[in-house]
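A.B. asks: Pasting a structure below so you can have a look.
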Amino acid sequence: MKKALLISFSFFMIFVRVSYAQTNQSEKGELIQLLELRKQKFEAYSNSLAKHTGFFGNKTKNDMQRSNEVLTDLVRIDNKIIGTLNRSVDFKNYEKLNLNFKTNERELRLLELNGTIVTLQKQVQLLKAENRYLTGKMKRYNAMLFIAVSLSLVLLFLLVKRLRKQ
């Protein structure tokens, strides 16, 4: 179950990375367009502030309304820019969270591997001790076999000698 979740999460992450590569470029393009549009609107706002079409060079109600409309458009563009930047920041936070998840996953895997290494080292020590015990036992059996064969040969030799005397 855990492996299935990890595999599905891995496929999801691959999909997100592929879509991020496309989304990131589109967000950059959108941000550049919005900044250019903001620059144009700000110039339009500056020009509308400089217009004085009323009597004696005063501003009229229409001049002020146009300035307010341009300023409202400028605020809308600023809000779009902020939204685009927030999406980028959210994605960066997501990437950081994903990186932390992968780091934690790798640390867990390292701990599991270290536990396996410790277990294998204990088994190796037990097998070495058993090997030493069995080697000692084998030497004792070899010594007993040598003694038994030697005694058998001596007895056989004595038996043959006795049979020859008779």
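The values are calculated or read from the model by the stated rules, or taken from the named source; none is laboratory data. Quick caveat, the model's predicted, so the values are computed rather than measured. In this analysis, Cβ positions are derived from the backbone assuming ideal geometry, glycine residues included, and neighbour counts consider all displayed protein chains. Surface accessibility is based on the protein's heavy atoms, side chains included, excluding ligands, DNA and RNA. Shrake-Rupley method; radii C 1.70, N 1.55, O 1.52, S 1.80 Å.
A.B. asks: Can you sort ARG87, ARG76 by solvent-accessible area, 1.4 Å probe, largest first?
C.D. replies: ARG76, ARG87
A.B. asks: On the protein heavy atoms, probe 1.4 angstrom, tell me the percent of accessible surface of the range 35-124 carried by carbon and sulfur.
C.D. replies: Looking at the range 35-124 in its full context, I get 60 percent from C and S.
A.B. asks: Ignoring everything but the protein chains, give the 1.4 Å probe accessible area of VAL124 in square angstrom, nearest 10.
C.D. replies: Here the accessible area works out near 80 Å².
A.B. asks: Then there's this: Could you pull out every one of the aspartates and glutamates with an alpha carbon less than 16 Å from that of LYS122, ignoring same-chain neighbours closer than 8 positions?
C.D. replies: Cα-Cα hits under 16 Å: GLU112, GLU130.
A.B. asks: Given a 1.4 Å probe and the protein chains all in place, what does the accessible area of GLU130 round to, in Å² to the nearest 10?
C.D. replies: 100
A.B. asks: Ok, one more. What list of ³J(HN,Hα) couplings, whole Hz, do you get for the range 42-48 from phi and the Karplus terms 6.51, -1.76, 1.60, once you set θ to phi - 60° and write x for glycine and proline?
C.D. replies: For the range 42-48, the Karplus-derived couplings read 5, 5, 5, 5, 4, 5, 5 Hz, x marking Gly and Pro.
A.B. asks: Of LEU156, ASN47, MET138, whose Cα points farthest to the positive end of the dipole of the range 35-166 (charges on the beta-carbon: +1 Lys, Arg; -1 Asp, Glu; origin at the Cα centre)?
C.D. replies: Highest projection toward the positive end goes to LEU156.
A.B. asks: Also, quick follow-up: At ILE117 and LYS96, where each label point lies 7 Å from the Cα along Cα→Cβ, what is the point-to-point distance in nanometres?
C.D. replies: For ILE117 paired with LYS96, the spin-label model returns 3.2 nm.
A.B. asks: With θ set to phi - 60° and the Karplus curve 6.51 cos²θ - 1.76 cosθ + 1.60, what are the ³J(HN,Hα) couplings of the range 97-107 in order, to the nearest whole Hz, using x for Gly and Pro?
C.D. replies: Calculated HN-Hα couplings, in order: 4, 4, 5, 5, 4, 5, 4, 4, 4, 5, 5 Hz.
A.B. asks: Quick one: ranking THR84, THR119 by accessible area, 1.4 Å probe, largest first, what do you get?
C.D. replies: The most accessible residue leads, giving THR119, THR84.
A.B. asks: Something else now. When the solvent-accessible surface of protein heavy atoms is calculated with a 1.4 angstrom probe, in what order do LEU126, LEU120 fall, highest first?
C.D. replies: The most accessible residue leads, giving LEU126, LEU120.
A.B. asks: I would also like to ask the following. Below 20 Å, Cα to Cα, which lysines can LYS139 reach? Residues fewer than 8 away in the same chain don't count.
C.D. replies: Counting by Cα, and skipping residues close in sequence, LYS139 has these lysines nearby: LYS128.
A.B. asks: For an R0 of 35 angstrom, estimate the FRET efficiency from the Cβ-Cβ distance between SER26 and LYS61 and round to the nearest 0.05. Intermediate values should be presented prior to the final figure.
C.D. replies: Numbers: r = 42 Å, r/R0 = 1.19.
About 0.25, to the nearest 0.05.
A.B. asks: Give the cross-link partners of LYS28 among the lysines, using a straight C-alpha distance below 26 Å as the criterion and excluding same-chain residues fewer than 8 apart.
C.D. replies: LYS39, LYS41, LYS80, LYS92, LYS96
A.B. asks: Here is a follow-up. Where only protein heavy atoms count, and the probe is 1.4 Å, what is the accessible area per residue for the range 40-153 in Å²? Walk me through the intermediate numbers first.
C.D. replies: Numbers: 9450 Å² over 114 residues.
That works out to 83 Å² for each residue.
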